[in-house]
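Chemist: Got a structure for you, written out below as structure tokens; questions coming shortly.
No lab work stands behind these numbers, since they all come straight from the coordinates. For clarity, every value in this text was computed on a predicted model and none was experimentally measured. No Cβ is skipped: glycine too gets one built from the backbone with ideal geometry, and neighbour counts run over all protein chains shown.
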Ligand SMILES: NC(=O)c1ccc[n+]([C@@H]2O[C@H](COP(=O)([O-])OP(=O)(O)OC[C@H]3O[C@@H](n4cnc5c(N)ncnc54)[C@H](OP(=O)(O)O)[C@@H]3O)[C@@H](O)[C@H]2O)c1
């Protein structure tokens, strides 16, 4: 089958290990099933994998891709939840120390077929296209958990989203705005900031800009480049919710400000199957749809990887199978 996979790892030149070629069908374990993939969305995680973050060399070749939609063996339209738990694990899937995402230990979704535990399949509602629904299980689920579970941001509160056009950033803007949260966004270009306004941001700012007032919470996936600004943007008692560190994870910690203003730093990772179910319902009931910038056939996936590496995102990049 056609697949987009990591054949080698290179920290500095991640796309040198990217291949688009034939791979064997995935192994179907006990209790697992096969999904014929219709659409799968690109996440920064796929670039991290090619850099060797979360993907070990001895697991290569590895088909990339965390999330997908498709058709199961019975002909049902499904959404694939990406977290694979240890069979003995019970409770919040994101807390299982042995969990992995598709494409870390088990072959990923950028292929004609993917094998997953039956439990990981959710029905795809007719209201969402395969392309739209394929954005939900990673970037959108992460944003949902950051805002509503880990951040517990109430309607009417003000948040700052660091980054305008990435997968998680656009999801934070759309979901936050739909939930009645006042959303402020930083973006690295005029064009990116204009897109955030279109998606529902109330105000947009250049990176590190002085804000009109301090915010209740900051949503940060950028890391080093934005950390100091995120800490300074908060009201006393405010919180930063982080789920990524795209630009690195070693900025000055700003410890004094954190304890003196009694700020909370909250980590967040992916989300549970139950949260994904709620996210899907939220999208259907409120007419919320993921922002998709680019849809490409799987055979042209390299173009999508190149755009993400250059930071030329404008929402999600989706790969489709005919
Ligand atoms: N913990 C988890 O479960 C989880 C889940 C999903 C994602 N993540 C992590 O979250 C991060 C974002 O993921 P994504 O898929 O949304 O990535 P993406 O689509 O490539 O988006 C990157 C985002 O980073 C922003 N950014 C700001 N300053 C930047 C700089 N100097 N260099 C590069 N980017 C900069 C971009 O802002 P502009 O709009 O201004 O370009 C953009 O919004 C990644 O590190 C990813 O691994 C973690």
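Chemist: Which angle from 0 to 90°, rounded to the nearest 10, does the C-alpha axis of helix 190-199 make with the longest principal axis of the chain?
Modeler: 80
Chemist: Order these by the 10 Å Cβ neighbour count, fewest first: 170, 295, 27, 186. Walk me through the intermediate numbers first.
Modeler: Numbers: 170 31, 295 17, 27 9, 186 28.
Fewest to most other Cβ atoms nearby, the residues stand as 27, 295, 186, 170.
Chemist: Further question on the same structure: Comparing 250, 301, 208, which has the greatest mean-square fluctuation in the GNM of the chain with Cα pairs linked when under 10 Å apart?
Modeler: Sorting by GNM fluctuation, first place goes to 250.
Chemist: Taking only DSSP H segments of four or more residues, each worth -39500 (n - 2.57), what value at 222 nm results for the chain once the sum is divided by all its residues, to the nearest 500 deg cm²/dmol? Mind dumping the intermediate values first?
Modeler: Working: 9 runs with 72 residues, N = 322.
That calculation yields -6000 deg cm²/dmol at 222 nm.
Chemist: Let me ask something additional. Let me know the whole percent of all Cα-Cα pairs from segment 74-169 that are separated by more than 23 Å.
Modeler: On the way: 1665 of 4560 pairs.
Summing the P(r) tail past 23 Å for segment 74-169 gives 37 percent.
Chemist: With the chain treated as a Gaussian network of Cα nodes joined by springs under 10 Å, which of 81, 229, 90 yields the largest mean-square fluctuation?
Modeler: The residue that fluctuates most here is 90.
Chemist: Can you give me the relative contact order of the chain as a percent, contacts being Cα pairs under 8 Å and 6 or more apart? Present the calculation step by step, with values, prior to reporting the outcome.
Modeler: Values: 753 pairs, mean separation 59.6, N = 322.
After rounding, I find 19 percent.
Chemist: Please check: in the Gaussian network model of the chain (C-alpha springs, under 10 Å), which one of 246, 142, 34 has the largest mean-square fluctuation.
Modeler: Greatest mean-square fluctuation among the candidates belongs to 246.
Chemist: Between residue 190 and residue 27, how high is the FRET efficiency from 1/(1 + (r/R0)^6) when r is the Cβ-Cβ distance and R₀ = 35 Å? Nearest 0.05.
Modeler: On the way: r = 48 Å, r/R0 = 1.38.
Plugging the Cβ-Cβ distance into 1/(1 + (r/R0)^6) gives 0.15.
Chemist: Further question on the same structure: List the relative contact order of segment 59-145 as a percent without decimals, with contacts defined as Cα pairs under 8 Å and 6+ residues apart.
Modeler: 40
Chemist: Compute the FRET efficiency between residue 211 and residue 296 as 1/(1 + (r/R0)^6), taking r as their Cβ-Cβ distance and R0 = 45 Å, and round to the nearest 0.05. Mind showing how you got there, number by number?
Modeler: Values: r = 37 Å, r/R0 = 0.81.
Given R0 = 45 Å and the Cβ-Cβ separation, E is 0.75.
Chemist: Additional query: Looking at the chain only, what percent of DSSP beta bridges run antiparallel? Nearest 5 please. Don't skip to the end; give the middle numbers.
Modeler: On the way: 30 of 56 bridges.
Given both bridge residues lie in the chain, the antiparallel proportion sits at roughly 55 percent.
Chemist: If each of residue 126 and residue 278 carries a label point 7 Å out from its Cα toward its Cβ, how far apart are those two points in nm?
Modeler: Taking the two extended label points, one gets 2.8 nm.
Chemist: Rounded to the nearest angstrom and ordered from largest down, what semi-axes does the equivalent ellipsoid of segment 34-99 get from its C-alpha gyration tensor (root of 5λ)? Can you show the working numbers first?
Modeler: Values: eigenvalues 97, 70, 24 Å².
Each semi-axis is the square root of five times an eigenvalue, giving 22, 19, 11 Å.
Chemist: Test of understanding: ordering 153, 288 by Cβ neighbours within 10 Å, fewest first, what list do you get? Walk me through the numbers before you get to the answer.
Modeler: Details: 153 24, 288 19.
Lowest to highest Cβ neighbour count: 288, 153.
Chemist: For the chain, what is the largest minus smallest coordinate of the Cα atoms on each principal axis, given in angstrom and ordered from greatest to least?
Modeler: 55, 43, 41
Chemist: What nm value, rounded to one decimal, do you get for the distance between residue 57 and residue 322 when each label is placed 7 Å out toward the C-beta?
Modeler: 3.9
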